[in-house]
Amino acid sequence: MLIYSMSVSVDGFIADRAGGFGWTAPSEEQFRFHVAQIREIGGYLLGRRLYETMLVWETDPSLRDNEPGAAFADVWCAIPKIVFSRTLNSVQGNARLAKTSVAEEAAAALDATDKNVSIGGAGLAASAVDLGLVDELRMFRYPVVVGGGTPFLPPVTEDVPLDLVETRTLGSRVIYERYRRVRDDSH
């Protein structure tokens, strides 16, 4: 399955009007939950900005100074990553630049593992949603209204039917929502 998972505001934004997302800092419980989820991922497709944001987990040894940070860094570094960028000439760590389309790279990543593959970065994920490639949406909904910014989901031209397959309250602040796309297999 191809999974798109992000932290979102109540009004559906992953970053505010200024591009900030400081309101998404995870609690210890959420961090452990994220680590468990990342352990289930066999590949990650990501856009340049998300790649650059997450690169510190591969390059900054101080993030390994505590057990949760070390656990996340170990898991994150082990995942093969495919970076979509028009501006980068090279990438670091367990990553490579995308060579083909989102659809082709997603199919290849899924073929290369028996685990789920994740996609991240609003623009990249939006194109995958638009192409019907995303099988599951996972939202960590924070109790804040930001009024604009980067939306979690793109505008769509047709309804995308979903089944709610899991919800969980993490602490008193965040609701995890997991939706699976309903596929009509009769065609």
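Brief remarks on what is shown
- Subset of the range 120-142 that is closer than 20 Å to Glu158 by Cβ and either charged (D, E, K, R) or assigned to a strand (DSSP E or B) (or both) - its residue that is modelled with the lowest pLDDT: Asp130
- Given (1) over 21 Å from Ala103 (Cβ atoms); (2) in a helix (DSSP H, G or I), index of the condition Leu50 fails: (1)
- Qualifying residues in the range 1-47 (those that are part of a helix (DSSP H, G or I) and free of Cβ contacts under 8 Å to residues at least 24 places away in the same chain) - the one nearest to Arg173 (Cα to Cα): Gly22
- Residue in the range 163-170 that is out of contact with any helix residue (DSSP H, G or I) (no Cβ under 9 Å at 6 or more places or on another chain), part of a loop (DSSP other than H, G, I, E, B) and surrounded by fewer than 20 Cβ atoms within 10 Å (Cβ to Cβ) present: no
- Hey, Val160 farther than 27 Å from Arg32 by Cβ, at pLDDT 90 or above, part of a loop (DSSP other than H, G, I, E, B) and among the β-branched types (Val, Ile, Thr) or not: yes
- Within the range 46-79, the only residue that satisfies the criterion of being surrounded by 16 or more Cβ atoms within 10 Å (Cβ to Cβ), within 19 Å of Asp114 (Cβ to Cβ) and out of contact with any helix residue (DSSP H, G or I) (no Cβ under 6 Å at 6 or more places or on another chain) is Ile79.
The values are calculated or read from the model by the stated rules, or taken from the named source; none is laboratory data. Quantities reported herein were computed from a predicted structural model and do not represent experimental measurements. Note that we place each Cβ from the backbone using ideal geometry, even for glycine, and neighbour counts take in every protein chain shown.
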